[in-house]
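S.K.: Pasting a structure here, questions to come.
The values are calculated or read from the model by the stated rules, or taken from the named source; none is laboratory data. Just so it is clear, the structure is predicted and the values come from calculations on it, not from any experiment. So basically every Cβ, Gly included, is an ideal-geometry build from the backbone, and we count neighbours across all protein chains shown. SASA here: full protein model, heavy atoms, side chains in, ligands and nucleic acids out. Shrake-Rupley method; radii C 1.70, N 1.55, O 1.52, S 1.80 Å.
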Amino acid sequence: MKSHRLGAPQALPQTRNDLQLWVREHLELPSDLEATLLEAVDAVFSRHERLWQESKQEAIQAVAAAFSEKMADKAHELNERDARVSSISTYFEQLVADLTDKSQRDPKTKLMNFASFTEQLESFLSFEQRGRWCAVGLVDINSFKWYNDALGHAIGDRIIVRVAQLLREQVRAQDVLVQERPEHARELHARFGGDEFCFLIPDLADHRQAYAIAERFREAVERYDWTIEDHRLAARPVRVDVGVVCLRLGGISERRRSARQIADKLIQRADELMYEAKGQRADHIQFLKARVESGELLDVEDVPA
């Protein structure tokens, strides 16, 4: 073995090659022992390198797995948050739609309320260019106060709901709208207030159609088995009085400038006709033809169809 000089410490080997060189320079070993020692050194280095690589790979996999798990958790959290936001958004959209619908409908009958009906009638008069005639009608339940006083308000409410249903069934959009134009279908009925209702019949080719539809509704009320609602109604079944104004549409320019005033006058005239019908027990429909001239609603005794 070679002798070592005293002095500054020599640098220790840092790599496998440094260690192999150090062994050859500092150890005087037979060649076979030196070869055995170097093989052992190589084996130790190789094992530690393999263990280090395995540990490194496991650490990378652990980090990747933890990262993936966190990403999945975040994605799930975001999906849940999006679902909540979507649910809240849907809820408020439905709430707004429901509130809008309720603001435009009578809560008892689910028909349009009178304000919404008036707006629709005004819009119809302002923009409608099809058809030669339209009709506005008002309906009153005959002697309704007697039903309320004698049978109670619960029966009165059932009568109102049933008359509203019969009105909806008998005054139908498909009677008066061309089937090839389903996009123009509109609600036609409203609760005027109390025991009164109103309806719009648009796009009529002939004014006699309006009377026929109103008569069909009146007869449906008369034929209905009112004992279904209450057995006491057998003695005094429900009847209705109807007033109908049939308007010749004419040019849209005549209507557009004063659509609101015309709408109000149509309803007022139909109301007057309804009360006239109440005084004629043999005929429960009072009918009138009218036209618009210079923004005014004029009664017409004889207008060609």
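S.K.: So which of GLN280, GLN286, GLN268 is of a type outside the set (Gly, Ala, Ser), at pLDDT 90 or above and over 23 Å from ARG172 (Cβ atoms)?
M.R.: Just one listed residue meets the conditions, GLN268.
S.K.: Kindly indicate the residue of region 189-209 that is in contact with an Asp or Glu (Cβ under 7 Å, 6 or more places away or on another chain) and within 19 Å of GLU122 (Cβ to Cβ) and also modelled with the highest pLDDT among those meeting that condition.
M.R.: Of everything passing the filter in region 189-209, ARG191 is modelled with the highest pLDDT.
S.K.: Right, ILE155: in contact (Cβ under 8 Å) with a residue 12 or more places away in the chain, open to solvent by 10 Å² or more (accessible area, probe 1.4 Å) and among the β-branched types (Val, Ile, Thr) or not?
M.R.: So ILE155 passes the test.
S.K.: Checking ASP230 against (1) at pLDDT below 90; (2) surrounded by 14 or more Cβ atoms within 10 Å (Cβ to Cβ); (3) more than 19 Å from ILE267 (Cβ to Cβ); (4) not aliphatic (A, V, I, L, M): exactly one of these is not met. Which one?
M.R.: (1)
S.K.: Separate question: Just checking, does region 163-177 include any residue being at pLDDT 90 or above, crowded, with 18+ Cβ neighbours inside 10 Å and among the β-branched types (Val, Ile, Thr)?
M.R.: Looking for residues that are at pLDDT 90 or above, crowded, with 18+ Cβ neighbours inside 10 Å and among the β-branched types (Val, Ile, Thr), one finds at least one in region 163-177, hence yes.
S.K.: Sticking with this one: Enumerate the pairs (first residue in region 222-249 and in contact (Cβ under 8 Å) with a residue 12 or more places away in the chain and of a type in the set (Val, Ile, Thr); second residue anywhere and open to solvent by 50 Å² or more (accessible area, probe 1.4 Å) and not in a helix (DSSP H, G or I)) with beta-carbon separation below 8 Å, excluding pairs fewer than 6 apart on the same chain, so at least 6 apart or on different chains.
M.R.: Between residues of region 222-249 that are in contact (Cβ under 8 Å) with a residue 12 or more places away in the chain and of a type in the set (Val, Ile, Thr) and residues that are open to solvent by 50 Å² or more (accessible area, probe 1.4 Å) and not in a helix (DSSP H, G or I), the close pairs are VAL244/PHE287.
S.K.: List pairs: first in region 200-212 and open to solvent by less than 20 Å² (accessible area, probe 1.4 Å), second part of a helix (DSSP H, G or I) and of a type in the set (Phe, Trp, Tyr), Cβ under 9 Å, 6+ apart or cross-chain?
M.R.: LEU200/PHE117; LEU200/PHE124; PRO202/PHE124
S.K.: Tally up the residues in region 250-260 that are surrounded by 13 or more Cβ atoms within 10 Å (Cβ to Cβ), in a helix (DSSP H, G or I) and either without any contact (Cβ under 8 Å) to a residue 60 or more places away in the chain or β-branched (Val, Ile, Thr) (or both), please.
M.R.: The qualifying residues number 2.
S.K.: Could you tell me which residue of region 239-265 is modelled with the lowest pLDDT, considering only residues that are within 27 Å of PHE127 (Cβ to Cβ) and charged (D, E, K, R)?
M.R.: Among those that are within 27 Å of PHE127 (Cβ to Cβ) and charged (D, E, K, R), it is GLU254.
S.K.: Follow-up question, since we're still on this one. What tally of residues in region 93-128 results from selecting those that are modelled with pLDDT of 75 or more, among the basic types (Lys, Arg) and surrounded by fewer than 17 Cβ atoms within 10 Å (Cβ to Cβ)?
M.R.: Number satisfying all stated conditions: 2.
S.K.: Out of everything in region 289-305 that is open to solvent by 80 Å² or more (accessible area, probe 1.4 Å) and in a loop (DSSP other than H, G, I, E, B), what residue ends up being modelled with the lowest pLDDT?
M.R.: The selected residue is PRO304.
S.K.: Something else: When you go through (1) modelled with pLDDT of 75 or more; (2) in a helix (DSSP H, G or I); (3) open to solvent by less than 70 Å² (accessible area, probe 1.4 Å) one by one for GLU69, which number turns out not to apply?
M.R.: GLU69 satisfies all of (1) modelled with pLDDT of 75 or more; (2) in a helix (DSSP H, G or I); (3) open to solvent by less than 70 Å² (accessible area, probe 1.4 Å) except (3).
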